[in-house]
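The values are calculated or read from the model by the stated rules, or taken from the named source; none is laboratory data. Here the structure is a predicted model, which is why all the values come from computation and not from measurement. Here the Cβ is made from the backbone with ideal geometry for all residues, glycine too, and neighbour counts use every protein chain on show. Accessible surface is based on the protein model in full, side chains and every heavy atom, while ligands, DNA and RNA are left aside. Shrake-Rupley method; radii C 1.70, N 1.55, O 1.52, S 1.80 Å.
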Amino acid sequence: MIDPTSPAAGGHPRLAGPRDPGDAWVDGEHGRFWGRFGAAGLLAHDVDRGVLLQLRAMWSDRGGTWGLPGGALHEGEDPVAGALREAHEEAAVPAARLNVLFTSVFDVGYWAYTTVVARVLETFEPEISDPESIELLWVPVAAVAGLALHPGLAAAWPALRSSLQMPETQPNAASPLYGHRPEN
């Protein structure tokens, strides 16, 4: 018998077992979005290697496109904590090696996606740690726009790229956002 949650059966392998109440679609006048309580993703920027991107599994929403490690928030979860949790779950990103710089929010009223932008303080190698990723790759900032990006990332990328190049997001900058270091 085929497991109904397997990709071969058209299912979602992550849905096997207990689910968080946030793992659900939200529908409204601006479309359908994943994450009952919103969603968040991590844009990890290593000044020497670029940004960490995830090639999304074919069974996932917009599968086969490049996006950020991230996903649905848990009820009451802070978007920064959610993005760091999801990036750890999907790509083994160690939050203690990051410095959160700023967030960017896309909000349609009934749903919001928060991009958490962080500088890599200490080099690490991501690892595929759940079935949502086909590949994880450090991509030079100049090469990101040339990839088949998830439509949300494609729309946000020009502003995110500009923000990465602003003086206050550069290493050793005198910025009130610099210095926030997650505990995990």
**Request:** Test Glu127 against the stated conditions and say whether it is of a type in the set (Asp, Glu) and surrounded by fewer than 17 Cβ atoms within 10 Å (Cβ to Cβ).
**Result:** yes
**Request:** Might you check whether a residue that is in contact with a helix residue (DSSP H, G or I) (Cβ under 7 Å, 6 or more places away or on another chain), under 29 Å from Gln165 (Cβ atoms) and either surrounded by 21 or more Cβ atoms within 10 Å (Cβ to Cβ) or modelled with pLDDT under 95 (or both) occurs anywhere in the stretch 74-82?
**Result:** no
**Prompt:** Can you name the residue in the stretch 23-37 that is of a type in the set (A, V, I, L, M, F, W, C) and open to solvent by 40 Å² or more (accessible area, probe 1.4 Å) and is also farthest from Thr114 (Cα to Cα) among such residues?
**Reply:** Trp25
**Request:** Keeping to the stretch 115-134, report how many residues are at pLDDT 95 or above and part of a strand (DSSP E or B).
**Result:** 6
**Subset of the stretch 104-124 [under 16 Å from Leu52 (Cα atoms) and within 16 Å of the chain's Cα centre (by Cα)]** = Thr115, Val116, Val117, Ala118, Arg119, Val120
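Taking Ala143, is it part of a helix (DSSP H, G or I), small (Gly, Ala, Ser), surrounded by fewer than 16 Cβ atoms within 10 Å (Cβ to Cβ) and at pLDDT 95 or above? Step through it out loud before you land on a result.
On the way: part of a helix (DSSP H, G or I): yes; small (Gly, Ala, Ser): yes; surrounded by fewer than 16 Cβ atoms within 10 Å (Cβ to Cβ): yes; at pLDDT 95 or above: yes.
Criteria met by Ala143.
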**Item:** the stretch 71-87, residues that are touching a Ser or Thr at 6+ places or on another chain (Cβ under 8 Å) and charged (D, E, K, R)
**Value:** none
